[in-house]
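The next block holds one structure in the form of structure tokens; read it before the comments.
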Amino acid sequence: MRVLIADKFEESGREGLVSTGCEVLYEPGLKEEDLAGAVERLRPDVLVVRSTKVNEAALNAGALKLVVRAGAGYNTIDVAAASRRGIYVSNCPGKNSIAVAELAFALILALDRRIADNVVSLREGQWNKTEYSKAQGLFGRTLGLIGLGQIGREMIPRARGFGMPVVAWSRSLTPEIAEELQIEYKASLENVASAADIVSVHVALNAHTRGLIDARFFERLRPGASFINTSRAEVVDQGALARAIQEKGIRAGLDVFAQEPAGGTGEFTDEIVKAGLVYGTHHIGASTNQAQEAIAAETVRIVKAFKETGQVPNVVNLAKATPAICVLVVRHLDRPGVLASVLDAISEARINVQEMENVVFEGAEAAVAKINLEAEPAPGMLEQIRASNSNILEIGLIRKNAGQ
């Protein structure tokens with residue numbers, strides 16, 4: 001199996017892929033516009049990326065079977081195009097959780113104590129203790145969490161260590177789960193904004209979260225509160241954030257921006273950093289050695305599993321539901337050609353197969369096949385299929401609308 005790595009990637013990960021028997025092609029300098037040509041030229045089976053965008057042209061250029069995002073999010077990959085080509089897309093969720101939580105708290109502390117401004121003044125030869133001794137402190141202040149995935153949950157013990165009560169909202173959060181986590185449940189984003197002194201956002205980018213933090217949220221946020229975003233820029237209405245900074249004195253700690261350079265270096269022109277007290281980092285939330293080693297190990301695990309079993313851990317683009325309306329169940333002797341004859345009959349009836357599995361019993365004498373069909377076979381077709389092959393023991397139909 002040939003693996004193209006199109007971003008910087010830990011040596012331990014490269015060595016791990018080689019140890020599984022993969023041919024590793026390491027080209028960390030590839031940019032989005034060069035990727036399609038590299039895929040066409042090198043013909044990899046697997047593509048591993050971190051920040052490099054994977055567009056439809058790259059997905060169509062060769063014979064890719066799997067794209068692994070060496071990180072948690074996968075919005076830099078054209079997942080819809082990959083799905084149309086039957087290319088698996090996988091990621092490494094949770095492996096950078098601690099690193100991102102640590103950066104979020106670094107931004108919280110830096111904003112409260114104005115660390116960056118302190119450093120700039122000292123480097124310019126200025127001593128201004130009067131100005132920089134105006135911090136509120138964290139103890140007793142309420143931390144609001146938007147999103148309670150693995151990163152959000154890593155924030156809770158860190159907040160507890162600083163003596164901060166926590167309120168939270170997440171689509172998956174219930175009052176019962178909140179009680180178990182020893183935090184306060186809030187029924188809406190706006191309720192978190194009203195209750196918190198500091199809000200930290202930890203949601204994945206998808207159709208439900210794009211633009212999630214909007215003007216209504218910032219209207220409810222307390223004047224002078226701190227707002228932290230280490231997730232994705234697209235989950236926040238950045239214009240509404242800029243207005244809140246200017247009009248309500250909101251302090252913002254951002255690791256992600258609406259206008260980020262595509263590569264590791266480049267000109268930065270996002271005006272949000274000039275809006276007021278905004279501290280920014282260079283989209284480095286997952287960039288610790290610990291996190292990168294964990295992500296590299298997870299990438300190796302994904303590729304190894306795919307190579308050895310055909311199964312893809314953490315796959316993100318399989319259909320959660322299909323148009324199948326019924327399941328054809330075939331109990332048969334485990335002999336050559338049995339399923340071929342069944343599938344031939346289904347094909348002749350112009351019925352599309354959505355999914356199928358064949359489970360073999362101990363001793364390899366008999367098996368049961370379950371074939372999900374997009375349309376129900378005509379009356380009499382099942383008996384015709386059974387009669388066409390003496391190795392078919394029994395055939396039946398389960399209708400999906402019957403609770404199956």
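The values are calculated or read from the model by the stated rules, or taken from the named source; none is laboratory data. Predicted, not measured: the structure shown is a model, and the values here were computed from it. Cβ sites come from the backbone with ideal geometry, for glycine too, and all protein chains shown count toward neighbours. Ligands, DNA and RNA are stripped out before the accessible areas are found, and what is left, the full protein with its side chains, is counted by its heavy atoms. Shrake-Rupley method; radii C 1.70, N 1.55, O 1.52, S 1.80 Å.
Given the criterion open to solvent by less than 60 Å² (accessible area, probe 1.4 Å), aromatic (Phe, Trp, Tyr) and either more than 21 Å from Gly73 (Cβ to Cβ) or outside any helix (DSSP H, G or I) (or both), identify the matching residue among Phe268, Phe306, Phe257.
Details: Phe268 fails: open to solvent by less than 60 Å² (accessible area, probe 1.4 Å); Phe306 fails: either more than 21 Å from Gly73 (Cβ to Cβ) or outside any helix (DSSP H, G or I) (or both).
Testing whether each residue is open to solvent by less than 60 Å² (accessible area, probe 1.4 Å), aromatic (Phe, Trp, Tyr) and either more than 21 Å from Gly73 (Cβ to Cβ) or outside any helix (DSSP H, G or I) (or both) leaves just Phe257.
Can you find a residue that is small (Gly, Ala, Ser), open to solvent by less than 30 Å² (accessible area, probe 1.4 Å), assigned to a loop (DSSP other than H, G, I, E, B) and touching a residue at least 60 places away in the same chain (Cβ under 8 Å) anywhere in region 107-120? Before you say what the answer is, go through the steps one by one.
Kept after step one, since they are small (Gly, Ala, Ser), are these residues of region 107-120: 110, 116.
From the residues that got through so far, the ones that are open to solvent by less than 30 Å² (accessible area, probe 1.4 Å) too are 110.
Those still in the list that are assigned to a loop (DSSP other than H, G, I, E, B) too: none.
Within region 107-120, none of the residues are small (Gly, Ala, Ser), open to solvent by less than 30 Å² (accessible area, probe 1.4 Å), assigned to a loop (DSSP other than H, G, I, E, B) and touching a residue at least 60 places away in the same chain (Cβ under 8 Å).
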Seminar exercise, completed: Per the list (1) open to solvent by 60 Å² or more (accessible area, probe 1.4 Å); (2) touching a residue at least 60 places away in the same chain (Cβ under 8 Å), residue check on Leu277 breaks on (1)
Exercise. What residue, among those in region 6-27 that are out of contact with any helix residue (DSSP H, G or I) (no Cβ under 7 Å at 6 or more places or on another chain) and closer than 15 Å to Gln292 by Cα, is most open to solvent (accessible area, probe 1.4 Å)?
Worked result: Lys8
Exercise. Which pairs have Cβ atoms under 9 Å, sit 6 or more apart or on different chains, and link a residue in region 139-166 that is more than 17 Å from Lys95 (Cα to Cα) and among the polar types (S, T, N, Q) to one that is in a helix (DSSP H, G or I) and modelled with pLDDT of 95 or more?
Worked result: Thr142/Ala195
Exercise. Would you pick out the residues in region 79-103 that are in contact with an Asp or Glu (Cβ under 7 Å, 6 or more places away or on another chain) and surrounded by fewer than 19 Cβ atoms within 10 Å (Cβ to Cβ)?
Worked result: Ala81, Ile98
For this session: Can you give me the number of residues within region 209-226 that are touching a strand residue (DSSP E or B) at 6+ places or on another chain (Cβ under 9 Å) and either crowded, with 19+ Cβ neighbours inside 10 Å or charged (D, E, K, R) (or both)?
Result: 8
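Which ones in region 342-365 are outside any loop (DSSP other than H, G, I, E, B) and either open to solvent by less than 30 Å² (accessible area, probe 1.4 Å) or farther than 15 Å from Asn391 by Cα (or both)? Let's see the steps before the verdict.
Residues of region 342-365 that are outside any loop (DSSP other than H, G, I, E, B), as a first pass: 342-348, 353-360.
Answer for region 342-365, where residues must be outside any loop (DSSP other than H, G, I, E, B) and either open to solvent by less than 30 Å² (accessible area, probe 1.4 Å) or farther than 15 Å from Asn391 by Cα (or both): Val342, Asp344, Ala345, Ile346, Ser347, Glu348, Val353, Gln354, Glu355, Met356, Glu357, Val359.
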For this session: Could you tell me whether Ile295 is in contact (Cβ under 8 Å) with a residue 24 or more places away in the chain, of a type outside the set (S, T, N, Q) and touching a helix residue (DSSP H, G or I) at 6+ places or on another chain (Cβ under 6 Å)?
Result: no
Exercise. In region 65-89, how many are part of a loop (DSSP other than H, G, I, E, B), polar (S, T, N, Q) and out of contact with any strand residue (DSSP E or B) (no Cβ under 7 Å at 6 or more places or on another chain)?
Worked result: 1
Exercise. Cβ-Cβ below 8 Å, separation at least six or inter-chain, first residue in region 44-55 and farther than 20 Å from Pro93 by Cβ and touching a residue at least 40 places away in the same chain (Cβ under 8 Å), second open to solvent by 10 Å² or more (accessible area, probe 1.4 Å) and not small (Gly, Ala, Ser): which pairs?
Worked result: Pro44/Arg2; Pro44/Leu25; Pro44/Leu64; Asp45/Met1; Asp45/Arg2; Asp45/Leu64; Asp45/Lys65
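Of Ala61, Ala72, Ala6, Ala38, which residue is touching a Pro at 6+ places or on another chain (Cβ under 9 Å) and without any contact (Cβ under 8 Å) to a residue 40 or more places away in the chain? Steps first, answer last, please.
Numbers: Ala61 fails: touching a Pro at 6+ places or on another chain (Cβ under 9 Å); Ala72 fails: without any contact (Cβ under 8 Å) to a residue 40 or more places away in the chain; Ala6 fails: without any contact (Cβ under 8 Å) to a residue 40 or more places away in the chain.
Selected residue: Ala38, the only one of Ala61, Ala72, Ala6, Ala38 that is touching a Pro at 6+ places or on another chain (Cβ under 9 Å) and without any contact (Cβ under 8 Å) to a residue 40 or more places away in the chain.
Answer with yes or no whether Gly37 is in a loop (DSSP other than H, G, I, E, B) and surrounded by fewer than 22 Cβ atoms within 10 Å (Cβ to Cβ). Can you show your working first?
Working: in a loop (DSSP other than H, G, I, E, B): no; surrounded by fewer than 22 Cβ atoms within 10 Å (Cβ to Cβ): yes.
Judged against the criteria, Gly37 is not a match.
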For this session: Would you confirm whether any residue within region 47-61 is touching a helix residue (DSSP H, G or I) at 6+ places or on another chain (Cβ under 6 Å), over 22 Å from Gly149 (Cβ atoms), open to solvent by 30 Å² or more (accessible area, probe 1.4 Å) and modelled with pLDDT of 95 or more?
Result: yes
Problem set entry | Which listed residue is farther than 29 Å from Asn91 by Cβ and β-branched (Val, Ile, Thr), from Val192, Val199, Val119 | Val119
For this session: Kindly establish whether Arg331 is surrounded by fewer than 16 Cβ atoms within 10 Å (Cβ to Cβ) and either of a type in the set (Asp, Glu) or part of a strand (DSSP E or B) (or both).
Result: yes
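So that you can scan it fast, the table gives a plain yes or no per residue for (1) aromatic (Phe, Trp, Tyr); (2) part of a helix (DSSP H, G or I); (3) surrounded by 15 or more Cβ atoms within 10 Å (Cβ to Cβ):
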{"site": "Ile228", "(1), (2), (3)": "no, no, yes"}
{"site": "Ala244", "(1), (2), (3)": "no, yes, yes"}
{"site": "Ala252", "(1), (2), (3)": "no, no, yes"}
{"site": "Ala262", "(1), (2), (3)": "no, no, no"}
{"site": "Ser287", "(1), (2), (3)": "no, no, yes"}
{"site": "Val312", "(1), (2), (3)": "no, no, yes"}
